[in-house]
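Data block below; observations after.
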Amino acid sequence: MINEELYKTIFTRKSIRKYDMTSLTDEKLIEIKNFADNVKKLLPNIKCEFSFLTDDKVKNILPIKAPHYISIYSEKKEGYLLNAGFMLQQVDLFLSSVNLGSCWLGMAKPSKEVPASKNGLDFVIMIAFGNTQEKLHRADKSEFKRKGISEITSISGGDQLLEAARLAPSASNSQPWYFSGNIDEIIVCREKLNLLKAPLYNRMNQIDTGIALCHLWLSIEHQGKTACFDYANSGAPKGYEYMLKVKVEGDTSC
Ligand SMILES: Cc1cc2nc3c(=O)[nH]c(=O)nc-3n(C[C@H](O)[C@H](O)[C@H](O)COP(=O)(O)O)c2cc1C
């Protein structure tokens, strides 16, 4: 029950920014690669690939150094940022579940000697990972700095289901997501950005929303239900942009 393991990890994971620079064993790296190659896609029609890099092949303006990085490359089709966040967050949770540190890196890029595209797919974002001397997990939920549930949803009776999404990581901890509709049909939106913020956050906010969706999907599975994703525009509350609707079905088919 790997998804259940990932679900449990949501409540203790945290970003790790200091790493032991010793490389992981080939065996461990293969285990991570195998996991990544089998993650669930939000948009199965978008071609994606993962790629592993070492520190000498990464350019980061922030001083975070790790022995390994995993990047996601994608076709640039509609929804690709949401899909990349959704897929790579499964890897982030997996790394934490096998007691490795990890941190999303919005500012890092593969260095110039690494080709900018891979099999016609473009680099989207990467996660640093490796062993750490730091405390890997949070002891409990009080250690998360997050918005309250009423700030991210208008759905009554949805607190338990949405708690996992509330705890999702986001760039600069901005938590741009909002959930409306009802407990069976959840409308997922993200904050509308003003002209000042848009250049900085437009891209990251879509990745962030994909990350929160990954947590929501795991939460729905945890309740023994199925998440069905519907992209037909249903409108959004004022100040938010519609992303998609999640239909929570009782059986296993969508
Ligand atoms: C898309 C994305 C990009 C991020 N980029 C960076 C980064 O460049 N540097 C960094 O130190 N942390 C980065 N973070 C980590 C966030 O700061 C962190 O997830 C957030 O503050 C919440 O803390 P937590 O992950 O410990 O729960 C990023 C997170 C996400 C989701």
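The values are calculated or read from the model by the stated rules, or taken from the named source; none is laboratory data. Small disclaimer: the values here were computed from a predicted structure and weren't measured. Here Cβ is always computed from backbone atoms with ideal geometry, including for glycine, and neighbour counts include all displayed protein chains.
For this structure, a couple of remarks:
- Just one of the listed residues (Ala84, Ala108, Ala66) is touching a residue at least 12 places away in the same chain (Cβ under 8 Å) and within 26 Å of Arg166 (Cβ to Cβ), and it is Ala84.
- Test: residue in region 230-248 that is more than 24 Å from Ile10 (Cβ to Cβ) and among the charged types (D, E, K, R): yes
- Residue in region 210-217 that is at pLDDT 95 or above, more than 16 Å from the ligand (Cβ to nearest atom) and not assigned by TED's automatic domain parsing to the domain that holds Leu81 present: yes
- Annotation: of all residues in region 112-147 being of a type in the set (Asp, Glu) and either at pLDDT 95 or above or part of a strand (DSSP E or B) (or both), the one that is nearest to Asn99 (Cα to Cα) is Glu134.
Quick grid of which residues meet (1) at pLDDT 95 or above; (2) surrounded by 13 or more Cβ atoms within 10 Å (Cβ to Cβ); (3) outside the structural domain of Asp230 (by TED's automatic domain parsing):
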{"site": "Leu93", "(1), (2), (3)": "yes, yes, yes"}
{"site": "Ile149", "(1), (2), (3)": "yes, yes, no"}
{"site": "Gly158", "(1), (2), (3)": "no, yes, no"}
{"site": "Glu163", "(1), (2), (3)": "yes, yes, no"}
{"site": "Ser172", "(1), (2), (3)": "yes, no, no"}
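- When Lys28, Lys65 are screened for being charged (D, E, K, R) and in a loop (DSSP other than H, G, I, E, B), only Lys65 passes.
- Residue under evaluation Glu31, criteria (1) under 19 Å from Tyr69 (Cβ atoms); (2) more than 16 Å from the ligand (Cβ to nearest atom); (3) in contact with a helix residue (DSSP H, G or I) (Cβ under 7 Å, 6 or more places away or on another chain), criterion not met: (3)
- Check on Leu161, farther than 24 Å from Ile64 by Cβ and in contact (Cβ under 8 Å) with a residue 40 or more places away in the chain: yes
- Taken together, the criteria exclude Ile10 from residues that are farther than 23 Å from Thr226 by Cβ, within 17 Å of the chain's Cα centre (by Cα) and among the aliphatic types (A, V, I, L, M).
- Every residue from region 149-168 that is within 22 Å of Gln223 (Cβ to Cβ) and out of contact with any Leu (no Cβ under 9 Å at 6 or more places or on another chain): Ser150, Ser154, Ser156, Gly157, Gly158, Asp159, Gln160, Glu163, Arg166, Leu167
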